[in-house]
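First comes the structure, then the notes that go with it.
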Amino acid sequence: MNGPIPPPPDLHALLTSWTIEPAVLVALILAGAAYLAGVRRVRRRGITWQRGRTVLWFVGLGTIALSTFSAIGVYDDVLFSMTAVQHMFLQMIAPAPLGMAAPVTLALRALTGRPRKTLLAVVHSRYVRVLSHPLVAYVLFVISPFVILYSRLFELGLTNSWVHNLTHLHLVLVGALLYWPLLGIDPLPNPMPYVMRLLLVIGLGPAHIVLGIPIMLRDSLIAAEHFMIIGMQWGSDPLADQKVGGGLLWIFGDVVVLFLLAGMFVQWNRSEKREQRRVDRHLDRVHGTAATTVPWWLAEDPRAARSLPGFAADERPAR
C-alpha cells in the first residue's frame, strides 16, 4: 500500500473520494504552463495557433489528473478493477488529446536558435526514428500492459509510490509514441499512410482480448498476498474483482479501438478533401477558369463547343 487502506468503495465514496500525488501534480502544472508559454510566444510573433489545440492539451492533462486524483487513484492499489480502468485511461485515452494538441509543432514554432535546432536534431535522430517507427511503437504499446501486470513490477508499484508513478508515466509515453504516427499531426520521422494506420488500430483489438480474457479466466490472484490482505479487511472477494478487471481490460480496450477507427476514417476523409482542394487550386493557377478540354459529348458539335468559356475561334474539337 502507498498509504492507509481506504474504506470499502460505495457510490458515495466513488463520487467523493480524492487524493493528491504531489509529483504528478507538479508535472501536470509544468506541462500546462509550458504549453501556454509556447502559445503566447507564437502569437506574439504573429503566428496563429488554434484554440482547440490548447483545449485538447488540457483535456489530456485533465484525463491524467482524473485517473490519478479521483476515486480511480484512491482505489488503484487496493482494487485490481480500478488498476485496469486507470491503465486504460492513461495508455489509451489521455495520449489522444495530447497528441492532437500538436506539442512538438508548437515547440518548433515557439523556439528559435539553438534550442530549436536541438529539438529538430532529437526529432530526426536515429534513436527517435527507430523508437517512433509504427511497428516498434505498436509492439511497445501492446507488450507494456503484459509486462507490468505479469511481472514483479506490478506488485512493487502497489507498495512503492515512485514505481507506481513511473509506471503511469510509462503508459502515457508508450500511448503517445503510438498515437504520434497514428494521428500524423506533429512532424514525423516515419510518415505512414492511412491504410497502415487503420491496420495498426485494428490490431489493437485482439491485443486487449489476449490481455483481458486470460485474467477473467484465471483462478489465482495477481499480487495475491497484497490483495488478500485487502479482501480480509473488507470481507470482499479479490478474485471476483480481478475477473471484473480482466473484463474491463477487454471491453474498455475494444470500445476505445472503435472510437479510434471512427476518428481515423473521419481524418482520412478530411485529408482526401484537403488534397482534392489542393489539386483544384493548382489547376486553377495553371489554367484559370478556361476550359482545358472539350467534353466528349460536344466533340461532334463544333457550334456547341464554341460556346464554352475560353474556346478560341480557331480551335476545333478533336474527332
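Mind listing whichever residues of segment 125-148 are at pLDDT 90 or above and either over 21 Å from the mean Cα position of the chain (by Cα) or farther than 25 Å from Arg197 by Cα (or both)?
Across segment 125-148, the qualifying residue is only Ile148.
From the list Ile20, Ile47, Ile64, which residue is surrounded by fewer than 18 Cβ atoms within 10 Å (Cβ to Cβ), within 17 Å of Gln86 (Cα to Cα), touching a helix residue (DSSP H, G or I) at 6+ places or on another chain (Cβ under 7 Å) and in the same structural domain as Val163 (by TED's automatic domain parsing)? If you could, list the steps in order and put the result at the bottom.
Values: Ile47 fails: within 17 Å of Gln86 (Cα to Cα); Ile64 fails: surrounded by fewer than 18 Cβ atoms within 10 Å (Cβ to Cβ).
Going through Ile20, Ile47, Ile64 in turn, just one is surrounded by fewer than 18 Cβ atoms within 10 Å (Cβ to Cβ), within 17 Å of Gln86 (Cα to Cα), touching a helix residue (DSSP H, G or I) at 6+ places or on another chain (Cβ under 7 Å) and in the same structural domain as Val163 (by TED's automatic domain parsing): Ile20.
Read through the list (1) touching a residue at least 24 places away in the same chain (Cβ under 8 Å); (2) out of contact with any Lys or Arg (no Cβ under 8 Å at 6 or more places or on another chain), then give the number of the only condition that Trp49 fails.
Looking at each condition in turn, Trp49 falls short on (2).
Only residues that are surrounded by 15 or more Cβ atoms within 10 Å (Cβ to Cβ) and among the β-branched types (Val, Ile, Thr): list them for segment 23-44, please.
Residues satisfying the conditions are Val24, Val39, Val42.
Among the residues of segment 208-221 satisfying the criterion of being surrounded by fewer than 19 Cβ atoms within 10 Å (Cβ to Cβ) and either hydrophobic (A, V, I, L, M, F, W, C) or touching a Pro at 6+ places or on another chain (Cβ under 6 Å) (or both), which is nearest to Val256 (Cα to Cα)? Lay out the reasoning, then the answer.
To start, the set of residues in segment 208-221 that are surrounded by fewer than 19 Cβ atoms within 10 Å (Cβ to Cβ) comprises 209-210, 213-214, 216-221.
Imposing the further condition that a residue be either hydrophobic (A, V, I, L, M, F, W, C) or touching a Pro at 6+ places or on another chain (Cβ under 6 Å) (or both) reduces the set to 209-210, 213, 216-217, 221.
Details: Ile209: 13, Val210: 16, Ile213: 17, Met216: 19, Leu217: 22, Leu221: 27 Å.
Result: Ile209.
Restricting attention to segment 89-124, and to residues there that are surrounded by 13 or more Cβ atoms within 10 Å (Cβ to Cβ) and part of a loop (DSSP other than H, G, I, E, B), which single residue is farthest from the chain's Cα centre (by Cα)? Break it down stepwise before answering.
Filtering segment 89-124 for residues surrounded by 13 or more Cβ atoms within 10 Å (Cβ to Cβ) gives 89-111, 116, 119-120, 123.
Subsequent filtering for residues that are part of a loop (DSSP other than H, G, I, E, B) retains 94, 101-102, 111.
Values: Ala94: 6, Ala101: 10, Ala102: 11, Leu111: 24 Å.
Only one residue tops the list, namely Leu111.
Residue under question is Ile5, and the condition is that it be touching a helix residue (DSSP H, G or I) at 6+ places or on another chain (Cβ under 7 Å), within 30 Å of Trp234 (Cα to Cα) and not assigned by TED's automatic domain parsing to the domain that holds Ser70; does it hold?
Details: touching a helix residue (DSSP H, G or I) at 6+ places or on another chain (Cβ under 7 Å): yes; within 30 Å of Trp234 (Cα to Cα): yes; not assigned by TED's automatic domain parsing to the domain that holds Ser70: yes.
Yes.
Out of Ala240, Ala223, Ala262, I need the residue that is more than 16 Å from Val85 (Cα to Cα), free of Cβ contacts under 8 Å to residues at least 12 places away in the same chain and aliphatic (A, V, I, L, M). Which one? Spell out how you get there, then give the answer.
Numbers: Ala240 fails: more than 16 Å from Val85 (Cα to Cα); Ala223 fails: free of Cβ contacts under 8 Å to residues at least 12 places away in the same chain.
Result: Ala262 is the single residue among Ala240, Ala223, Ala262 that is more than 16 Å from Val85 (Cα to Cα), free of Cβ contacts under 8 Å to residues at least 12 places away in the same chain and aliphatic (A, V, I, L, M).
It is to be established whether one or more residues within segment 191-206 are surrounded by fewer than 16 Cβ atoms within 10 Å (Cβ to Cβ), assigned by TED's automatic domain parsing to the domain that holds Ala65 and under 30 Å from Arg45 (Cβ atoms).
Looking for residues that are surrounded by fewer than 16 Cβ atoms within 10 Å (Cβ to Cβ), assigned by TED's automatic domain parsing to the domain that holds Ala65 and under 30 Å from Arg45 (Cβ atoms), one finds at least one in segment 191-206, hence yes.
Looking at this structure, is Phe146 assigned by TED's automatic domain parsing to the domain that holds Pro214, under 22 Å from Gly245 (Cα atoms), in contact with a helix residue (DSSP H, G or I) (Cβ under 9 Å, 6 or more places away or on another chain) and buried (at least 17 other Cβ atoms within 10 Å of the Cβ)? Break it down stepwise before answering.
Working: assigned by TED's automatic domain parsing to the domain that holds Pro214: yes; under 22 Å from Gly245 (Cα atoms): yes; in contact with a helix residue (DSSP H, G or I) (Cβ under 9 Å, 6 or more places away or on another chain): yes; buried (at least 17 other Cβ atoms within 10 Å of the Cβ): no.
Criteria not met by Phe146.
Output the qualifying pairs, or none if there are none: Cβ atoms under 7 angstrom, residues six or more apart or on different chains, first residue in segment 111-140 and closer than 30 Å to Arg40 by Cα, second residue small (Gly, Ala, Ser) and not in a loop (DSSP other than H, G, I, E, B).
Leu119/Ala107
So Pro187 clears everything in (1) over 19 Å from Tyr35 (Cα atoms); (2) not in a helix (DSSP H, G or I) except one condition, right? Which one?
(1)
Would you please name the residue that is farthest from the chain's Cα centre (by Cα), looking only at residues in segment 6-17 that are surrounded by 14 or more Cβ atoms within 10 Å (Cβ to Cβ) and not in a loop (DSSP other than H, G, I, E, B)?
Ala13
The values are calculated or read from the model by the stated rules, or taken from the named source; none is laboratory data. Computed from a prediction, not measured in an experiment: that's the story for all the values here. Cβ sites come from the backbone with ideal geometry, for glycine too, and all protein chains shown count toward neighbours.
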